Amino acid sequence: QICDEPPALFSLVNVVATPAALALIQERGASVQQLLTRHQTGDWQELCEEDRNANWQAVFIGNRILSEFNLGSADRPAKIWIISEGHQPVQMYSVTTILLPEDY
């Protein structure tokens with residue numbers, strides 16, 4: 001069987017989410033697992049170039065990794081952030097949080 005998904009760049013240990021983020025994900029018919037997979041495989045196109053570059057460096061040195069996904073439209077955004085931090089061994093993050101920007 002051929003896998004058509006890119007490989008995960010890092011592992012997640014504990015994943016937590018704010019109630020507001022879970023409500024928005026459910027309201028918009030999105031999938032927590034799909035968002036986490038995008039986060040882990042480097043789908044960071046909704047970030048500015050500086051943040052994307054910081055994420056690529058973080059994969060190798062263990063800094064915080066941030067993803068942003070818009071579950072709304074361009075004129076009515078509904079953004080979700082996913083933040084992985086607490087680097088343990090190389091490419092493993094102890095805590096990943098799914099939240100709204102206003103929950104930060």
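The values are calculated or read from the model by the stated rules, or taken from the named source; none is laboratory data. Quantities reported herein were computed from a predicted structural model and do not represent experimental measurements. Cβ sites come from the backbone with ideal geometry, for glycine too, and all protein chains shown count toward neighbours. Keep in mind that these areas ignore ligands, DNA and RNA; they rest on the heavy atoms of the full protein, side chains included. Shrake-Rupley method; radii C 1.70, N 1.55, O 1.52, S 1.80 Å.
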Margin query: When you check SER67 against the structure, is it under 15 Å from the mean Cα position of the chain (by Cα) and at pLDDT 95 or above, yes or no?
Written below: yes
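Of everything in region 45-104, what is of a type in the set (Phe, Trp, Tyr), open to solvent by less than 70 Å² (accessible area, probe 1.4 Å) and out of contact with any Lys or Arg (no Cβ under 9 Å at 6 or more places or on another chain)? Give them in sequence order. Steps first, answer last, please.
First, pick out the residues of region 45-104 that are of a type in the set (Phe, Trp, Tyr): 56, 60, 69, 81, 93, 104.
From what's left, open to solvent by less than 70 Å² (accessible area, probe 1.4 Å): 69, 81, 93.
Within region 45-104, TRP81 is the sole residue that qualifies.
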Check: Can you find even one residue in region 11-24 that is exposed (fewer than 12 other Cβ atoms within 10 Å of the Cβ), modelled with pLDDT under 95 and outside any loop (DSSP other than H, G, I, E, B)?
Finding: yes
In region 30-40, residues that are open to solvent by 20 Å² or more (accessible area, probe 1.4 Å) and within 13 Å of the chain's Cα centre (by Cα) total 7
In the set GLY86, GLY72, the lone residue that is on the phi > 0 side of the Ramachandran plot and not hydrophobic (A, V, I, L, M, F, W, C) is GLY86
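Within region 32-62, how many residues are without any contact (Cβ under 8 Å) to a residue 60 or more places away in the chain and within 12 Å of PHE10 (Cα to Cα)? Spell out how you get there, then give the answer.
Of the residues in region 32-62, the ones without any contact (Cβ under 8 Å) to a residue 60 or more places away in the chain are 33-34, 37-62.
Filter once more, so that each one left must be within 12 Å of PHE10 (Cα to Cα): 37-42, 55-56, 58-62.
So the count comes out to 13.
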Residue hits (region 25-46; within 21 Å of GLY62 (Cβ to Cβ), outside any helix (DSSP H, G or I) and not hydrophobic (A, V, I, L, M, F, W, C)) are THR41, GLY42, ASP43
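Just to be sure before I move on: is GLU27 closer than 18 Å to PRO101 by Cβ, in contact with a strand residue (DSSP E or B) (Cβ under 8 Å, 6 or more places away or on another chain) and open to solvent by 70 Å² or more (accessible area, probe 1.4 Å) in the structure I sent? Full working, then the answer.
Working: closer than 18 Å to PRO101 by Cβ: yes; in contact with a strand residue (DSSP E or B) (Cβ under 8 Å, 6 or more places away or on another chain): no; open to solvent by 70 Å² or more (accessible area, probe 1.4 Å): yes.
Taking the combined requirement at face value, the residue does not satisfy it.
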